[in-house]
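Peer 1: Here it is: the structure, laid out below.
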Protein chains: 2
Amino acid sequence: MITSKSNAKVRNLIALKRKASERNAQDVFLVEGIKMFREIPAAQLREVYTSESFLKSEAGRKAVEAVLAAQDRLKETVVETVSDEIFRNLSDTQSPQGVMAVVSQQHYRLEDLFGQHTEPLLLILENLQDPGNLGTIIRTAEGAGVTGILMSRGTADLYNPKVTRSTMGSIFRVPFLYTDDLSGTIGKVKQAGVTVCAAHLQGRHTYDGEDYTKGTAFLIGNESRGLSDGISELADVRVRIPMAGKVESLNAAVAASILMYEAGRQRRAGRKDT
Amino acid sequence: MITSKSNAKVRNLIALKRKASERNAQDVFLVEGIKMFREIPAAQLREVYTSESFLKSEAGRKAVEAVLAAQDRLKETVVETVSDEIFRNLSDTQSPQGVMAVVSQQHYRLEDLFGQHTEPLLLILENLQDPGNLGTIIRTAEGAGVTGILMSRGTADLYNPKVTRSTMGSIFRVPFLYTDDLSGTIGKVKQAGVTVCAAHLQGRHTYDGEDYTKGTAFLIGNESRGLSDGISELADVRVRIPMAGKVESLNAAVAASILMYEAGRQRRAGRKDT
């Protein structure tokens, strides 16, 4: 059992928790909690850590073994145990469950974001900053049937433990891509026949007056600044979410969710008609 | 200028920040930041506090004066100044703007939640716990045209500074009511001719297949436990938000937002047709 903070593995886990640069250099990220642990694709699982008390509890030990057995990796995977005190340092949560894994990062190409059995439904995020918002958006995106998520490099890091956790596992299932050249990549999305819609306070069209049954991408901007003019101008259409009362804007995750589920609603309705 | 933590006013502000019981006993709550300060209805403003550096800045002083002048209260309102260090203790934020007010609580009756110029559109929250979710819901509710919000006593406190802040001012504009008897109050809502729809994972109907143009109330449950069976059974209809992929549930604020905006969409569409 590891009981020292200066243990090399513990020091590495702390670095992976804190620094995007370390996660990217090692091409991994951290996944915490038994629910998320169950979602890890077998090919991506690299290292498993549990707290002392988690492994002592029969339920905890069995849960980890069940996951590894289901993945046919029970024998080859070493489960390292760390003291509860050390685990609290590694954990990103107030009440850690006691299980954590180092997992390989995913690598998608732009084509992977277009889906295979449906018209593409993309989200394009420009410099979204709040980790909770980003995680909620990924989770809702999977639920709404979004085929992929494109993000500017300035968007929060999906591999930040707070974001990873708030995706509730959707991080393993929704293809995503960060780009240094958001304008150029949006150009490629448009070339692929996808209509780009900007959620914009000054949009001329109400969001539910547009047709999203064909290939569609929604542009969502930063929480306080919205979309930059340069990116906003690339949109084929600007849509506005009507707001009653004196509300000046909606939370970015809420706005994205309303748009994604409107697309989902239209696509379900379209299928019924045909 | 107040520079001591043991000053009676400072001690009271700390108590109001921390304890719902104090806020309720004194029938007030705290409002922080210049944007929220501008939203305070004149009749509710009781005390104003600024940090030393805020009042020294011309922009800060003018902003406060403009609000008080617009409310015709410039002369009678004493603006207390506290040292920056004390203000950081009073503030609920990491980077306090430097202005805070003590404001009278609002008191609505059930009838106030039904609106005046439209069919009622209510949200009913059972034991919603996350302050950020609650604030986001209130803000989105105003935008979607919700006429009022009914909450079980076990729901997070709207007057918690975190919630108040995340409403972005909607707390002053959306009528709301806490009830000790949620079942009984839902009964009164139904007697008023409002159809109660529960957002439920086992709902038989897809949410967008129902008609929300007449009086409608959406029931939203706790983040992890959902709606209790007892409350769920009171619903006239259970609606389900379809989820693609492996998503098991949506964030409570997202689910509420999708439902509220679907009602808004139908009501706008209905108005166009007539």
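The values are calculated or read from the model by the stated rules, or taken from the named source; none is laboratory data. Keep in mind it's a predicted model, so treat the numbers as computed, not measured. Here Cβ is always computed from backbone atoms with ideal geometry, including for glycine, and neighbour counts include all displayed protein chains. Note: areas computed on protein heavy atoms with side chains; ligands, DNA, RNA excluded. Shrake-Rupley method; radii C 1.70, N 1.55, O 1.52, S 1.80 Å.
Peer 1: List the GluC sites (Glu not before Pro) within segment A:30-97 that fall in a DSSP loop (any state other than H, G, I, E or B) and whose Cβ has at most 14 other Cβ atoms within 10 Å.
Peer 2: Answer by residue number: A:76.
Peer 1: So, one more: Please work out the C-alpha center-to-center distance from segment A:123-182 to segment B:173-213 and express it in whole Å.
Peer 2: Taking the Cα centre of each part, segment A:123-182 and segment B:173-213 sit 32 Å apart.
Peer 1: Here is a follow-up. Using a simple charge model, +1 on the beta-carbon of Lys and Arg, -1 on the beta-carbon of Asp and Glu, nothing else, what dipole does the protein assembly as shown show about its Cα centre, in debye to the nearest 20?
Peer 2: The dipole magnitude comes to about 220 debye.
Peer 1: State the percent of C-alpha pairs, over all pairs in segment A:135-214, separated by a distance greater than 19 angstrom.
Peer 2: Everything past 19 Å amounts to 49 percent.
Peer 1: Under 20 °C and 1.002 mPa s, how fast does segment A:110-273 diffuse according to Stokes-Einstein, given a Kirkwood radius computed over C-alpha pairs? Answer in µm²/s, whole number.
Peer 2: Reported coefficient: 137 µm²/s.
Peer 1: Could you give the accessible area per residue of chain A, probe 1.4 Å, as a whole number in Å²?
Peer 2: 45 Å²
Peer 1: In segment A:139-165, what residues drop by 40 Å² or more in accessible surface going from the chain by itself to the full protein assembly, probe 1.4 Å?
Peer 2: Those are A:139, A:142, A:143, which lose 40 Å² or more relative to the chain on its own.
Peer 1: What residues of segment A:168-182 lose no less than 10 Å² of accessible area with every protein chain in place versus their chain by itself (probe 1.4 Å, heavy atoms only)?
Peer 2: A:173
Peer 1: For the residue pair residue B:236 and residue B:4, what label-to-label distance in nm results when each label sits 7 Å from Cα along the Cα-to-beta-carbon direction?
Peer 2: Here the answer is 6.1 nm between the modelled labels.
Peer 1: Another question, if that's okay. Report, for residue A:7, each distance to the same residue's label point in the other copies, shortest first and in nm; define the point 7 Å along Cα→Cβ.
Peer 2: From this label point to the equivalent ones elsewhere in the assembly: 5.1 nm.
Peer 1: If the viscosity is 1.306 mPa s and the temperature 10 °C, what Stokes-Einstein diffusion coefficient in µm²/s follows for segment A:8-104 when Rh is the Kirkwood radius over Cα pairs?
Peer 2: My calculation gives 118 µm²/s for D.
Peer 1: What number does segment A:201-249 give for Rg over Rh if you use C-alpha atoms and the Kirkwood radius?
Peer 2: Dividing the radius of gyration by the Kirkwood radius yields 0.96.
Peer 1: Further question: Going by average Cβ neighbours within 10 Å, how do the peptides B:243-250, A:17-24 rank, with the highest at the top?
Peer 2: Final packing ranking: B:243-250, A:17-24.
Peer 1: Another question, then. Total Å² of accessible surface buried at the B-A contact, 1.4 Å probe, nearest 100?
Peer 2: 2500 Å²
Peer 1: Ok, one more. Measuring from a point 7 Å out along Cα→Cβ, what nm distances, shortest first, does residue B:244 have to its partners in the other copies?
Peer 2: Result for residue B:244, in nm, nearest copy first: 3.0.
Peer 1: Right, next: Based on the Kirkwood radius over alpha-carbon pairs, what is the Stokes-Einstein translational diffusion coefficient of segment A:1-63 at 4 °C with 1.567 mPa s viscosity, in µm²/s?
Peer 2: 98 µm²/s
Peer 1: For the protein assembly as shown, would you read off the P(r) tail past 33 Å as a percentage of all alpha carbon pairs?
Peer 2: 49 percent
Peer 1: Of the candidates B:124, B:241, B:149, which one comes out as most mobile in a Gaussian network treatment of chain B with C-alpha springs shorter than 10 Å?
Peer 2: Greatest mean-square fluctuation among the candidates belongs to B:241.
Peer 1: Tell me which residues come under 5 Å, amide H to amide H, from residue A:2 once H is placed; ignore anything under 5 positions away on its chain.
Peer 2: Excluding prolines and chain starts, which carry no amide H, the hits are A:81, A:82, A:83.
Peer 1: When the accessible area of the protein assembly as shown is computed with all protein chains present and a 1.4 Å probe, what percentage of it is carbon and sulfur?
Peer 2: Its accessible area is 47 percent carbon and sulfur atoms.
Peer 1: Can you pull out the chymotrypsin sites (Phe, Trp or Tyr not before Pro) in segment B:103-185 whose DSSP state is coil and whose Cβ has at most 15 other Cβ atoms within 10 Å?
Peer 2: Sites meeting the loop and neighbour criteria: B:108.
Peer 1: Going by a 1.4 Å probe on protein heavy atoms, which residues of segment B:241-259 end up with at least 20 Å² less accessible surface in the whole assembly than in their chain alone?
Peer 2: With the partner chains in place, segment B:241-259 has these residues losing at least 20 Å²: B:242, B:244, B:246, B:247, B:248, B:249, B:250, B:251, B:254, B:257, B:258.
Peer 1: If the only charges are +1 at each Lys and Arg Cβ and -1 at each Asp and Glu Cβ, what is the size of the charge dipole of segment B:110-273 around the Cα centre, to the nearest 20 debye?
Peer 2: Dipole magnitude for segment B:110-273 comes out near 460 debye.
Peer 1: Now for a separate question. May I ask you to derive the FRET efficiency for residue A:78 and residue A:117 from their Cβ-Cβ distance with R0 = 45 Å, giving the value to the nearest 0.05?
Peer 2: Between residue A:78 and residue A:117 the formula returns 0.70.
Peer 1: If you project the alpha carbons of segment A:30-157 onto the principal axes, what extent comes out on each, in Å, largest first?
Peer 2: Rounded to whole Å, the extents work out to 48, 31, 22 Å.
Peer 1: Let me ask something additional. About its Cα centre, how strong a charge dipole does segment A:8-104 have in debye, to the nearest 20, once Lys and Arg get +1 and Asp and Glu get -1 at the Cβ?
Peer 2: Taking the Cα centre of segment A:8-104 as origin, the dipole is about 140 debye.
Peer 1: Testing the spin-label approximation: label points 7 Å from Cα along Cα→Cβ at residue B:109 and residue B:225. State their distance in nm.
Peer 2: Output for this residue pair reads 3.3 nm.
Peer 1: If amide hydrogens are placed 1.01 Å from N in the peptide plane, which non-local residues have theirs closer than 5 Å to the one on residue A:178?
Peer 2: So residue A:178 has HN proximity to A:151.
Peer 1: Starting from the exponent 0.38 and prefactor 2.2 Å, build the expected Rg for segment B:187-229 from its residue count and divide its actual Cα Rg by it.
Peer 2: Ratio of Cα Rg to 2.2 N^0.38 Å: 1.24.
Peer 1: Just A:238, A:204, A:88 to compare: in a GNM of chain A, with alpha carbon springs under 10 Å, which one fluctuates most?
Peer 2: Maximum fluctuation in the GNM of chain A, among the listed residues, is at A:204.
Peer 1: Can you give me the pair-distance distribution of chain B, C-alpha pairs, 10 Å bins, whole percents?
Peer 2: 7, 28, 29, 19, 13, 4, 0
Peer 1: Take every DSSP beta bridge with both residues inside chain B and express the antiparallel ones as a percent of the total, to the nearest 5.
Peer 2: Within chain B, antiparallel bridges account for around 30 percent of the total.
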